[in-house]
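Structure record follows, encoded as structure tokens.
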Amino acid sequence: MRLDMRPPTPESSARARVVPGPAPADVLLTDGSVATIRVATPDDLEPLHALHAGVSDDNLRLRFFSSSRAGAKAYVEHLGTCTDTLTLVVERAGSLVAVGTAEPTGPEVAEVAFLVDDAQHGLGLGSLLLEHLAAAGRALGIRRFVAEVLVENHGMLRVFTDAGFAVERQVSHGEVHVEMDTVNSAGALAAADERERQSEVCSLRPLLHPRSVAVAGVRRDGTGIGATILHSVIEGGFTGEVYAVHPTATQIGGVTARPLLTALPEVVDLVVVAVPAERVLATLEDATEAGVRAAVIVSSGFQELGADGTRMQREILALARARNIRVVGPNCLGLMINDPDISLDATFSGSVPPPGGLAVASQSGGVGIVLSDLARELGLGVGVFVSLGNKADVSSNDLLAAWQEDPRVTGAALYLESFGNAPKFARFARRFAERKPLLAVVGGRSVGGQRAGASHTAAAASSSVGVDALFAQAGVIACNDAEELAETALLLGEQPLPAGNRIAILSNAGGMGVLAADGADSCGLHVPELSDSLRERIADLVPGTTGTGNPIDAGAGAGPARLAAICSLLMASDEVDAVVVVIVATGVSDPTDTLDSLAGAVHEGKPLVLVPMGGLEVAHGDLPGVTTFRSVRAAVRSLGRAARYAAWRAQPVDAPAPVLRDRAERARRGASTLLETRGQETGWLDVEDVVALLGDYGLAPTGEVVTGPDAAVAVAEALGCPVAVKVADRGVVHKTDRGLVRVGLTSAHEVREAARGFATELGRRDASVLVQPMESGVEMALGVIHDPVFGALVMVGAGGVATDLWDDRVFLLPPVTAGDAARALRTLRVWPLLEGFRGAPRADVPALEAALVRLGQLAEDVPQLAEIDLNPVLAGPRGCAFVDVKVRLDEPVALDAGVPRRLRRGL
């Protein structure tokens, strides 16, 4: 930006307005440290002068195209008087280290510029300031940023080009004119999330890869949680230095003890805090004074106990942000890192699973203990376990970011009871699941979370709907309990992903094979009929039995060689994607030899699962390449989840449709106008308003709204009979129940009588009616409902008057991509009707998918959209007809989507 030393004119000062800015935001820098971005205040004038005076001549020249110190001083004074300029500053370690400005230059346009202290370059401050300026600019109606940059200012040019926003550049006479759209596009969101991921890796390194640990709150007599954790650390063989914090002792449990962390002989990476709740803040202050970068607070007595505990927890978070320390907990079980290079057990669980690649995070300490026990029983390898507790600071989002590219992490498992930032979790979870399996159990999904609603869409939404929608779209493998999670994680950790859902079942007991097939079907697996050629080859190996179909009954007398040969045939066949072997101990053959023989049937790229029964025992690792389960049910439900995850992974990744900003702004303005016009009334819109709001999205109802029988007849004659006539009163939601919908009217007389009947029913002489052409097709329902945690939820399902009877629907989180829409439709039970059931014409599925995508765009574009119900939508051979559309507006509820990047400040 060129230096403009012109003082503000009286006219410009008169036009000046105080620019409302965003709330202060704590942000992660590229080195993992914490800084704060906030709006500049009058008190910042002196620090801003110091910043401009302290930078190098070259830095000043790159910023102002001149090294004039007087000019830089004049610009700071200009900022102090030009109140229509949005000015954001960055504070780090108590000092103002960077400034970014957006100065209006025309309607919806602002010029942006940045200055960063010389010592703070390379920390991502320019990118963070640009993101926060863009967000604040959008709120102020600024659509475009411009900037003038010297061609040699490579760092600033990279800030613009790497930000992910739509950027245009023009080079002339050694200067680059940059223009940037402020729309938060998918590209901008992805770029910001990737920068946050890299920052989280650095920020959490002292927590997840500690080289030294101190435990605060250890009793000298060895009792209590602190002493238990210290004992676990020592007995677990931690490879780094271990210390204890005690007011008087010099040694506890064979390790050095000091009264304060600042008195230790070195700066430790991690402190585990087990002192009483009222002493936690002082301990954390001591840790920050000592330079500790990570803390695990196992102490309880905080938010879980009410107002006083919540206040103390807020104080902990504020201190952590101000002093640059990351905190796990409070009220948690601790931290376990099974990496042989670290071997840290800083928990009081008493159970250590075998080492492996699974990373586990649990919001419940009790569930964490159960998972640890299950992992040990199953032989499930766990690499890291983090007990999140109250999640004052570190959350599952942070951990997923840190684990995403960690080569030691092969998969992750979560137990959650809340989502602090559901939209951000959806993005981070999806990116993780695209690379590695992500399993989750969510507690608190009871009927108590359901709510009643006036429309079918609202009535179908419950507390679990958002979770299901998020998991399905993000590729998260949903499990019902800790056992299912551990079993599925075991399979995914030991076996390749199946190429499909077809499985072969081999057993030496026919009845068990039949039960296994029944269980497989209920888990979404397909037990296909084998080809004649494959059955013939199997028959050569099972003389005296007819069980060569699928499931295959090898007979009680089948020996090891025969079972292994059959299993090898199935593993090598392209007719199935996985093989389940159920072996029941008999007195006819040696069970040990039978089990050992299966190891030779392992085939690269196809899962092989064994269920030993009748007293057979198989220790983990005895059969390399074979995963053993204790029950058929566990085997098939784990395979079912693996198959669904593999199918999700196999789908091409498609980007959301671009934001059509003009359309979005028209819709938002229209919704705002309707809310202002109607005052406090937030009910359903009139049909005319629905048409105006939804018309740009191609979702408006067909037909025309008129008042009175004569007008209804005129429209019917223009459309051509037969027609449908229905009441267009926004206060009537379920019209069919009151007889306020008439279809198939073939004459002017019938239309007139219908309109008169509606007036009588409603007690009004001239009722507004909607006259529509008769349409045909599969009855579907589309809708949107707002969830306080997950935001907008888009629904698609079987429609018509029997929609609740069908109970066949799927919810999606915007943005809805074409792939999301296609997958959702194909999971519905009504899907065969759309495909053309029993010779019926096939519905225009692409048109229905496109409507679902547009509905998702509408839900994102118009935050005032509280509820929309399109039912029925007739999916015919040549498009979709929106027969009945209801819309309800309300004041938008702010939802934290993690944009722009910032750490949580509150609980």
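The rows are residues; the columns are (1) crowded, with 24+ Cβ neighbours inside 10 Å; (2) hydrophobic (A, V, I, L, M, F, W, C).
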{"residue": "E405", "(1), (2)": "no, no"}
{"residue": "V409", "(1), (2)": "no, yes"}
{"residue": "A412", "(1), (2)": "yes, yes"}
{"residue": "L416", "(1), (2)": "no, yes"}
{"residue": "G420", "(1), (2)": "no, no"}
{"residue": "K424", "(1), (2)": "no, no"}
{"residue": "R430", "(1), (2)": "no, no"}
{"residue": "R435", "(1), (2)": "no, no"}
{"residue": "A440", "(1), (2)": "no, yes"}
Among the numbered criteria (1) open to solvent by 40 Å² or more (accessible area, probe 1.4 Å); (2) of a type in the set (A, V, I, L, M); (3) in contact with a Cys (Cβ under 9 Å, 6 or more places away or on another chain), which one does A657 miss?
(3)
The condition from (1) more than 31 Å from the chain's Cα centre (by Cα); (2) open to solvent by 40 Å² or more (accessible area, probe 1.4 Å); (3) modelled with pLDDT of 95 or more that V268 misses is numbered (2)
If a residue must be open to solvent by less than 60 Å² (accessible area, probe 1.4 Å) and within 15 Å of D117 (Cα to Cα), how many such residues does region 47-66 contain?
13
Any idea how many residues of region 399-424 are modelled with pLDDT under 95 and closer than 20 Å to L28 by Cα?
5
Residue match in region 43-52 (condition: closer than 30 Å to R205 by Cβ, at pLDDT 50 or above and of a type outside the set (S, T, N, Q)):
yes
Filter region 627-660 for residues that are of a type in the set (D, E, K, R) and part of a loop (DSSP other than H, G, I, E, B); the one that is nearest to P607 (Cα to Cα) is R630
Of the residues E111, E77, only one is part of a strand (DSSP E or B), open to solvent by 10 Å² or more (accessible area, probe 1.4 Å) and either closer than 29 Å to R143 by Cβ or in contact with a helix residue (DSSP H, G or I) (Cβ under 9 Å, 6 or more places away or on another chain) (or both); which?
E111
Selection count where residues are among the hydroxyl-bearing types (S, T, Y) and either crowded, with 20+ Cβ neighbours inside 10 Å or modelled with pLDDT under 50 (or both), scope region 447-493:
4
Of those in region 511-568 that are at pLDDT 90 or above and acidic (D, E), the residue surrounded by the fewest Cβ atoms within 10 Å (Cβ to Cβ) is D532
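Could you identify the single residue in V691, V715, V725, V706 that is over 24 Å from E891 (Cα atoms) and assigned to a helix (DSSP H, G or I)?
Values: V691 fails: over 24 Å from E891 (Cα atoms); V725 fails: assigned to a helix (DSSP H, G or I); V706 fails: assigned to a helix (DSSP H, G or I).
Residue meeting the stated conditions: V715.
Yes/no per residue for (1) open to solvent by less than 30 Å² (accessible area, probe 1.4 Å); (2) outside any helix (DSSP H, G or I):
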| position | (1), (2) |
| --- | --- |
| R321 | yes, no |
| R376 | no, no |
| L380 | yes, yes |
| V394 | yes, yes |
Matching residues in region 726-753 (farther than 22 Å from G683 by Cβ and among the basic types (K, R)) number 2
Residues to consider are D737, D804; find the one that is in contact with a His (Cβ under 8 Å, 6 or more places away or on another chain), open to solvent by 10 Å² or more (accessible area, probe 1.4 Å) and part of a helix (DSSP H, G or I).
D804
Scope region 364-374; condition buried (at least 24 other Cβ atoms within 10 Å of the Cβ) and of a type outside the set (G, A, S); matching residues:
L371
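The values are calculated or read from the model by the stated rules, or taken from the named source; none is laboratory data. Everything quoted here is computed from the prediction, not taken from an experiment. Note that each Cβ is placed from the backbone with ideal geometry, even for glycine, and that neighbours are counted across all protein chains shown. Keep in mind that these areas ignore ligands, DNA and RNA; they rest on the heavy atoms of the full protein, side chains included. Shrake-Rupley method; radii C 1.70, N 1.55, O 1.52, S 1.80 Å.
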